[in-house]
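Chemist: Questions regarding the structure given below will be posed in turn.
The values are calculated or read from the model by the stated rules, or taken from the named source; none is laboratory data. The model shown is predicted, which means the values in this text are computed figures rather than measured ones. Cβ placement follows ideal geometry from the backbone for every residue including glycine, while neighbour counts extend to all protein chains displayed.
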């Protein structure tokens, strides 16, 4: 009935997703401490920050410096995000960054406008330029994302056809440019997905590209996060982007009532995997310590569950 | 592949679970206001409070008065909890209570000791006396619960056999006493369940009692709450106990790190059902208002998600 993977890879987004959304700019030393703690958990990829407009997102203005000051752990990839060519050029100039270039697509025009100041179709066309730019630097994309794939606060429900058009474009682009695009990500940017729509869309992408790895970027905006991870696992998905302590969120996902949930919480998702007998390579106790550090830094109770209640194994050991 | 029910019943436990665990004793007027708000949401059962020792749980000392002062809405059942005969006798003396007697079983001795000051086997034998007592008052049990059915912080994992022994006892008791026990509840009191163990145990109970309704009492202690609701729904379960705003929790479920999650959040679970096309009879917007009222009363950010991000339908209407 289900097709759970044997092992799962989590890519940690907390340092970017978490701190870009806060009004406060936290001291760089605190963010370094968190990234260093995350490096010791067994996580293999940590998104350290983004190269975006320091006017609009001043919280990320020191991302370059951050890369230079963290303790790089062997075997861990320290990655960055950019939303345009200017950001990429900054990133590529910093040798400490593990370049894993992304291609970004929007299933919602309104969200494309908010996040990238262009229409979704324009962003799509730009991705061809991004591929060329990556090639100029001897790089190929690591992943392609379709954002707001399950719905959008501004546009409402997003049709499967709309999402699949983007994925078809991605496959064509990969063929035309003769480059691999190893990972196709479905991003539920504003928390519109539910376990059934997650399974349905994963099925569609798999039909389109049976040999390509599918990843999920999940937000827990409406409490469906872990259920959606479970649904994806049951479809064999073995690649997730998540945030320690449930840090982060999409600035356009809130309802004006404050404290809306952010990304799906890494340690809660890791606990799910371990309880299902799926390997993650992550030391859950160390991850919980990192999430408590994140809470200490942010200075308010965060949305993660296991960080407050303890991993089951810690109780099992005491019995 | 899945066997979702057409409609689902939620029984609201927030007013008891939520306020019994708080250190503060909130003014009775505030709890009345919350119960009155919940009465307008379409919920058909609201557990108003419990009749337990006022020494150990002073928060519930005025439960009797609470029943007399709420605005009773027609069609809504206002129920109470008791853990011993003394509590039952208090409850049955108050005509405003909708008596829906429960039978309580513990799958963990250590938890029985903490919660009821006796061994699980002793509690089990007492349930026969409870049936006799209920009969004396022309009452029959509404539900039987096996608590800590998925695991216990003090005893660790609980075997399926252990849980099923309790359910076999319940079935025998029902036959011997010639009374119906309409609802069999699996209670994940300390948040040890995961979607697969939930499905497994539901399957076992259904095999044992194919014609009896199965209910789930779910705690979100480790973030598995909504995933476990989804798993239960996929097994056809149509009866859930939950708490508005995710209020509550088990006093023995925490890890000393504060703010551990409580019961699975009613409005998040209702959103899941609605998104899956399952009817609940609940007005989600009104429920969200009630959960924001709960947050206002408690005075800190609560764990519910939809209450902070808004129901999807509210966005759909704006598009």
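Chemist: Just one of B:145, B:134 is out of contact with any strand residue (DSSP E or B) (no Cβ under 6 Å at 6 or more places or on another chain), buried (at least 21 other Cβ atoms within 10 Å of the Cβ) and at pLDDT 95 or above; which is it?
Modeler: On the way: B:145 fails: out of contact with any strand residue (DSSP E or B) (no Cβ under 6 Å at 6 or more places or on another chain).
Unique residue meeting the criteria: B:134.
Chemist: Then there's this: Looking at residue B:152 and the list (1) under 22 Å from residue B:114 (Cα atoms); (2) free of Cβ contacts under 8 Å to residues at least 60 places away in the same chain; (3) away from chain A (no Cβ under 14 Å); (4) in contact with a helix residue (DSSP H, G or I) (Cβ under 8 Å, 6 or more places away or on another chain), which single condition is not satisfied?
Modeler: (3)
Chemist: Next up: Could you grab me the full set of residues in the range A:301-318 that are in a helix (DSSP H, G or I), free of Cβ contacts under 8 Å to residues at least 12 places away in the same chain and under 20 Å from residue A:223 (Cα atoms)?
Modeler: A:308, A:309
Chemist: When residue A:179 is evaluated against the numbered criteria (1) at pLDDT 95 or above; (2) within 14 Å of chain B (Cβ to nearest Cβ), which criterion, by number, is the only one it fails?
Modeler: Here residue A:179 meets the rest and fails (2).
Chemist: What's the number of the only condition in (1) within 14 Å of another protein chain (Cβ to nearest Cβ); (2) under 15 Å from the mean Cα position of the chain (by Cα); (3) closer than 21 Å to residue A:305 by Cβ that residue A:217 fails to meet?
Modeler: (1)
Chemist: Another question about this same structure. Please state which one of A:87, A:42 is more than 18 Å from residue A:187 (Cα to Cα), touching a residue at least 40 places away in the same chain (Cβ under 8 Å) and surrounded by fewer than 22 Cβ atoms within 10 Å (Cβ to Cβ).
Modeler: Answer to the check: A:42.
Chemist: Of all residues in the range A:156-174, which are part of a loop (DSSP other than H, G, I, E, B) and crowded, with 21+ Cβ neighbours inside 10 Å?
Modeler: A:158 - this is the single residue of the range A:156-174 that is part of a loop (DSSP other than H, G, I, E, B) and crowded, with 21+ Cβ neighbours inside 10 Å.
Chemist: Follow-up question, since we're still on this one. Return the residues of the range A:182-236 that are closer than 14 Å to residue A:164 by Cα and touching a strand residue (DSSP E or B) at 6+ places or on another chain (Cβ under 7 Å); say none if nothing qualifies.
Modeler: The answer is A:184, A:185, A:186, A:187, A:201, A:202, A:205, A:206, A:209, A:214.
Chemist: Criterion first (under 30 Å from residue A:40 (Cα atoms), more than 17 Å from the chain's Cα centre (by Cα), outside any helix (DSSP H, G or I) and in contact (Cβ under 8 Å) with a residue 40 or more places away in the chain) does residue A:139 satisfy it?
Modeler: yes
Chemist: Please specify each residue of the range A:175-184 satisfying the condition of being assigned to a loop (DSSP other than H, G, I, E, B) and touching a helix residue (DSSP H, G or I) at 6+ places or on another chain (Cβ under 8 Å). Please lay out each step first, then the result.
Modeler: In the first step, residues of the range A:175-184 are kept if they are assigned to a loop (DSSP other than H, G, I, E, B); the result is A:177-182.
Correct list: A:177, A:179, A:180, A:181.
Chemist: Keeping to the range A:225-279, report how many residues are part of a loop (DSSP other than H, G, I, E, B), more than 7 Å from chain B (Cβ to nearest Cβ) and at pLDDT 90 or above.
Modeler: 8
Chemist: Can you give me the ranges of the strands (runs of 3 or more DSSP E) entirely in the range A:1-104 with at least 2 residues that are modelled with pLDDT of 95 or more and within 14 Å of residue A:244 (Cα to Cα)?
Modeler: Strands (runs of 3 or more DSSP E) meeting the threshold: A:9-12, A:45-51.
Chemist: Moving on to the next point. Just to be sure I understand, how many residues within the range A:274-319 are under 19 Å from the mean Cα position of the chain (by Cα) and surrounded by fewer than 18 Cβ atoms within 10 Å (Cβ to Cβ)?
Modeler: Here the count works out to 1.
Chemist: Given the conditions (1) at pLDDT 95 or above; (2) under 19 Å from residue A:106 (Cα atoms); (3) under 14 Å from the mean Cα position of the chain (by Cα), which single one is not true for residue A:205?
Modeler: Result: residue A:205 fails condition (3) only.
Chemist: Within the range B:281-316, work out how many residues are more than 9 Å from chain A (Cβ to nearest Cβ) and over 15 Å from residue B:243 (Cβ atoms).
Modeler: So the count comes out to 9.
Chemist: Could you tell me which of the residues B:278, B:297 is touching a helix residue (DSSP H, G or I) at 6+ places or on another chain (Cβ under 6 Å) and touching a residue at least 60 places away in the same chain (Cβ under 8 Å)?
Modeler: That would be B:297, the only listed residue that is touching a helix residue (DSSP H, G or I) at 6+ places or on another chain (Cβ under 6 Å) and touching a residue at least 60 places away in the same chain (Cβ under 8 Å).
Chemist: Out of B:194, B:183, B:117, which single residue is farther than 30 Å from residue A:229 by Cα and under 19 Å from the mean Cα position of the chain (by Cα)?
Modeler: Being farther than 30 Å from residue A:229 by Cα and under 19 Å from the mean Cα position of the chain (by Cα) holds for just one of B:194, B:183, B:117, which is B:183.
Chemist: Regarding the range B:121-132, can at least one residue be identified that is outside any helix (DSSP H, G or I) and in contact with a helix residue (DSSP H, G or I) (Cβ under 7 Å, 6 or more places away or on another chain)?
Modeler: Taking every residue of the range B:121-132 in turn, none turns out to be outside any helix (DSSP H, G or I) and in contact with a helix residue (DSSP H, G or I) (Cβ under 7 Å, 6 or more places away or on another chain).
Chemist: Report every pair of residues separated by at least 6 positions or lying on different chains whose Cβ atoms are under 9 Å apart, first residue within the range A:183-195 and at the interface with chain B (Cβ under 8 Å from one of its Cβ atoms) and in contact (Cβ under 8 Å) with a residue 24 or more places away in the chain, second in a strand (DSSP E or B) and surrounded by fewer than 24 Cβ atoms within 10 Å (Cβ to Cβ).
Modeler: Going by the 9 Å Cβ cut-off, the qualifying pairs are A:192/A:156.
Chemist: For the range B:63-85, name all the residues that are closer than 30 Å to residue B:120 by Cα and in contact with a strand residue (DSSP E or B) (Cβ under 8 Å, 6 or more places away or on another chain).
Modeler: Those that are closer than 30 Å to residue B:120 by Cα and in contact with a strand residue (DSSP E or B) (Cβ under 8 Å, 6 or more places away or on another chain): B:63, B:64, B:77, B:78, B:79, B:80, B:81, B:82, B:83.
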